[in-house]
Number of protein chains: 2
Amino acid sequence: MEKKIDSHLIYDGKIIKVYKDTVKCENGNEAFREVVRHHGGVGVLAIIDNKILLVKQYRYPNATDTLEIPAGKLELGEDTKLCALRELEEETGYSAKSITQIAKFLPTPGYSDEWLYVYEANDVFKVENPLNCDEDEEIEVVAIDIDKAYQKVVNGEIFDSKTMIAIMHAYINKRKI
Amino acid sequence: MEKKIDSHLIYDGKIIKVYKDTVKCENGNEAFREVVRHHGGVGVLAIIDNKILLVKQYRYPNATDTLEIPAGKLELGEDTKLCALRELEEETGYSAKSITQIAKFLPTPGYSDEWLYVYEANDVFKVENPLNCDEDEEIEVVAIDIDKAYQKVVNGEIFDSKTMIAIMHAYINKRKI
């Protein structure tokens, strides 16, 4: 346990809030903690004909393209399942009859409070007039065979945490091990 | 591609730097990007007698204990392998004859440039007079059977991204699937 002594809001942004807190450690020492607060996000593992739906997009912080499962940020208090279904439809044009949570995790527990929720889509179907993406989101949808997607995790071509976890889940479950 | 037009340093911290950048999107629109810059970190999958070494520690941002593989932050320009071996020794009292990279990933590609490097330790051995932890780090070492650790990933008791990826890697490789 560390006890909060003081909290200073450094930045109140659109996506993140940044705090510098002063804490009292268990050994009695005082220390600073830099904390990024974020409402969390969702991702969806959607499989059609043994292929995983992935989106290719440009990610500014590393100036790189990534292959990721369809995903998005949660608004404060938003229902995670509804958010997941909306992002799936907006980004891929597909929806699902139901979704099941397969992971809930902290990408960076050391300095951020962000939770990511990963769902598996059941009974995936094409939507006739799907919701549109945000206009500044430029994405391309690709469908990759589960085994090939897993190989891309192993060889480092797929390097986003939630996507790696979803693909490893699909790979393990396909083999029922 | 998004082209940087302007970059404003919001916070120059010990662990993170926070920027608010203005970019020009492919469609010509201007947009803001909030970016957390971080030197990255390392984690080590160390297996002894079919058991994975994990550390239990308190994580302030979510006020929760976590079970994680031994891990630590990189200093700017630090060798990732040396950092991994040091963190393994400091946190567990074990070292390894060599280590092999099993993953290099972005925990949160949307707003952070942080890379995490995960290594597997080969020929793990106990160090007689190991390096000590940072004095403000209160950790407890546990060794958990690979299958049991995987069950803790599935049931949500283990919820740190690098640790989930390392354990799923061990689980898949143990079965050579």
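Where a number appears in this text, it was derived from the coordinates with a stated rule and is not lab data. All values derive from a computational prediction rather than experimental measurement. Positions of Cβ are generated from backbone atoms using ideal geometry, with glycine treated the same way; all protein chains shown enter the neighbour counts.
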Nm distances between copies for residue B:81, ranked from closest, using label points 7 Å along Cα→Cβ: 4.9
Label spacing, shortest first and in nm, from residue B:145 to its equivalents in the remaining copies (7 angstrom along Cα→Cβ): 3.6
Helical contribution to [θ] at 222 nm, DSSP H n ≥ 4, -39,500 (n - 2.57), averaged over chain A, rounded to 500: -6500 deg cm²/dmol
Label-point gap, in nm, between residue A:56 and residue A:29 - each point 7 angstrom along Cα→Cβ: 4.8 nm
Net charge of Cβ neighbours under 12 Å - reference residue B:166; Lys, Arg +1; Asp, Glu -1: -2
Cβ crowding within 10 Å averaged over residues, with B:146-158, B:59-71, B:36-48, A:18-30 ranked highest first: B:36-48, B:59-71, B:146-158, A:18-30
7 Å along Cα→Cβ, label-point gaps from residue B:49 to other copies, nm, shortest first: 5.1
Among the listed pairs A:104/A:174; A:24/B:81; B:17/B:56; A:148/B:3, those beyond 22 Å (Cα-Cα): A:24/B:81; B:17/B:56; A:148/B:3
Those residues of region A:61-90 whose amide nitrogen sits under 16 Å from the label point placed on residue B:37, 7 Å along Cα→Cβ: A:61-64
Residue among B:164, B:94, B:139 farthest towards the positive dipole end of chain B, charges placed on Cβ: B:164
Whether the protein assembly as shown is rounded, prolate or oblate, judged on the alpha carbon gyration tensor where a/c under 1.5 counts as rounded: oblate
Relative contact order (%) - chain A, alpha-carbon pairs under 8 angstrom, separation at least six: 22 percent
Highest-MSF residue in chain B out of B:145, B:113, B:79 [GNM, Cα springs under 10 Å]: B:79
